[in-house]
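To keep things clear, I will list the structure first and then write my remarks on it.
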Amino acid sequence: MHFLCVHFLGQLNVCYSNFKSKRYEIYPLLYIFLFFFIACKENKTDIIPCVPQTKVDVPLEEVSGISSSFIDTVLFVKLQEPQNTFRNLDKLKIYGDTIYILDERLSKLMSFDKEGNFITQYGERGRSSSEYVRVNSFDVDKHYVYLYDDASEKMISFTHGGEFVQKVETPFWGEDFKALENGSFLFSLKPGKLNVKLCVTDSHFNIKKVFSYFDEEDQDNYSNYSLFQKVGDSIYYTDDMSDTTHVFTPKGELVHSYLFNFGKYAPPLEARYDAEQLIKEKHVFMYTCPLIYDSKLVMFLRNRHLRTVLYYDMKERIGGNKDIDKGLSPTDIIIPLCMADGYVVGYLEDYCLDRFEDKTTLPADVVQHLENGYRVVAFYRLKR
């Protein structure tokens with residue numbers, strides 16, 4: 001925010017030179033500058049607000065068959081898992097033709113090809129230079145697979161084939177991150193002595209730019225889901241229990257934001273550190289970072305007493321929600337985890353079968369795979 005004030009002051013001087021013969025016209029500009037100056041002084045904990053913003057009035061009602069209006073086809077990939085592979089499937093990313101899956105509880109990152117065949121596991125728990133204590137986040141770029149060990153505050157790099165490269169300590173306690181195209185990183189942090197919440201670091205994890213700080217009422221940031229999503233050339237960031245998504249370039253430049261209006265069900269700002277209380281009081285908030293592709297929006301919500309997935313066309317302003325815990329059809333996304341080439345990517349486990357209105361609408365081999373206790377990754381293609 002401070003650099004915006006400096007920039008504005010420079011523009012104000014130019015305006016004054018152009019209009020010094022008409023001093024009365026300067027006064028509105030002075031008021032504007034005063035507003036920006038006060039914002040600089042008082043809004044340290046806010047993310048830089050001076051970027052274009054799109055407000056989205058979110059429909060909260062359930063709409064029967066809504067997913068079939070947005071999803072064209074569904075492709076199922078049966079994971080050929082090694083024995084005792086996962087306890088939970090927490091985070092999933094697609095890079096090239098490879099599916100990467102993180103189980104946070106087991107601190108295990110594994111990769112599969114797009115036919116579901118197992119490729120490799122990245123590292124193991126331990127105390128050696130190539131091992132980690134607890135992995136809570138990961139990312140992939142053209143160079144490496146990155147695992148963040150939040151227990152020891154270290155970033156560990158592997159080749160795509162699973163060979164250890166290096167381990168580097170970070171001077172902060174990280175929560176989630178994205179590798180940027182220039183070798184730097186966009187990091188969301190947990191509360192710590194630096195009080196930084198969102199920042200850009202260089203390749204050695206020195207903080208180079210801060211976007212927001214924690215305040216006294218904002219000390220949570222322990223998300224079980226991805227705070228960042230990369231779709232096309234945009235990186236989206238959504239804080240825990242927030243109503244705003246910020247858009248970054250692949251170089252870490254903040255260029256846009258979306259404000260999601262949940263109406264009277266929006267949680268009060270001072271209560272957004274306690275998810276259990278928000279659920280109890282039947283507020284609406286985002287569980288994870290929304291997926292935005294062209295004008296289509298897919299979002300996982302805690303929708304008062306329900307868990308729903310929102311399907312919404314921001315251009316046509318039409319859409320609705322589907323309860324993910326009952327009455328499912330094959331086009332219903334249970335938990336949208338990421339985007340890949342126009343597909344929303346999610347997954348199914350054996351317990352999901354009980355949620356389908358008629359499980360025979362799923363391919364028989366998929367049902368059998370799930371009944372045998374294995375997972376299925378689902379690719380839901382969005383209609384254009």
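The values are calculated or read from the model by the stated rules, or taken from the named source; none is laboratory data. Bear in mind that the values here come from a model prediction, so they are computed numbers and not experimental data. Glycine also receives a Cβ, built like all others from the backbone with ideal geometry; neighbour counts cover every protein chain displayed. Note: accessible area is taken over every heavy atom of the protein model, side chains too, but ligands, DNA and RNA are not part of it. Shrake-Rupley method; radii C 1.70, N 1.55, O 1.52, S 1.80 Å.
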Distance in nm between ILE318 and SER129 label points, each 7 Å along Cα→Cβ, equals 6.1
What pairs in LYS251/LYS296; LYS197/LYS230; LYS114/LYS359; LYS91/LYS209; LYS78/LYS108; LYS154/LYS190 have C-alpha atoms more than 21 Å from each other? LYS251/LYS296; LYS114/LYS359; LYS91/LYS209
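Normalising by the residue count of the stretch 264-361, find the relative contact order in percent from Cα pairs under 8 Å and 6+ residues apart.
Values: 155 pairs, mean separation 17.0, N = 98.
Reported as a whole number, the value is 17 percent.
What is the extension gain from GLU349 to ASP113, computed as 0.36 nm multiplied by their sequence separation minus the C-alpha to C-alpha distance, in nm to one decimal? Could you put the intermediate results ahead of the total?
Numbers: separation 236, 0.36 × 236 = 84.96 nm, distance 1.87 nm.
Full-extension gain reported as 83.1 nm.
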Carbon and sulfur %, accessible surface of the stretch 271-384 computed with the full protein complex present, 1.4 Å: 44
Label-point separation in nm, PHE164 to GLN368, each point 7 Å along Cα→Cβ: 4.2
Report for the stretch 281-370 the percent antiparallel among DSSP-assigned beta bridges with both residues inside it, nearest 5. 95
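Between SER295 and CYS50, what length comes free when the chain is fully extended (0.36 nm per residue of separation minus the Cα-Cα distance, one decimal in nm)?
Values: separation 245, 0.36 × 245 = 88.20 nm, distance 2.26 nm.
Net length gain for the segment: 85.9 nm.
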Let me know the volume per residue of the alpha-carbon convex hull for the stretch 65-132, in Å³. 126
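Provide the FRET efficiency to the nearest 0.05 for the ILE279-ARG384 pair, computing r from the beta carbons and using R0 = 30 Å.
Once rounded, the FRET efficiency stands at 0.25.
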Per residue, how much accessible area does the stretch 263-375 show when a 1.4 Å probe rolls over the protein heavy atoms, in square angstrom? 45
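How large is the direction-averaged shadow of the alpha-carbon convex hull of the stretch 246-318, in nm²?
Working: hull surface 23.4 nm².
Directional mean of the projected Cα hull area for the stretch 246-318 stands at 5.8 nm².
Where does each of 233-242, 357-366, 150-159 land if you order them by average Cβ count within 10 Å, highest first?
Values: 233-242: 20.6, 357-366: 13.2, 150-159: 19.1.
Output ranking for 233-242, 357-366, 150-159: 233-242, 150-159, 357-366.
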Take every Cα-Cα distance within the stretch 94-204, group them into 10 Å bins from 0 onward, and report for each bin the whole-number percent of pairs it holds. 15, 48, 31, 6, 0
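Under unit Cβ charges (Lys, Arg +1; Asp, Glu -1), what dipole magnitude, rounded to 20 debye, does the stretch 216-353 have relative to its Cα centre? Mind dumping the intermediate values first?
On the way: 14 positive and 22 negative charges, 105 e Å.
Around 500 debye, computed over the stretch 216-353.
Show me 128-134, 282-288, 246-252 ranked by packing, highest mean number of other Cβ atoms within 10 Å first. Walk me through the numbers before you get to the answer.
Working: 128-134: 14.6, 282-288: 20.3, 246-252: 18.6.
Packing order, densest peptide first, comes out as 282-288, 246-252, 128-134.
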Taking the Cα-to-Cβ direction at HIS204 and at THR73 and moving 7 Å from each Cα, how far apart do the two end points lie in nm? 5.1
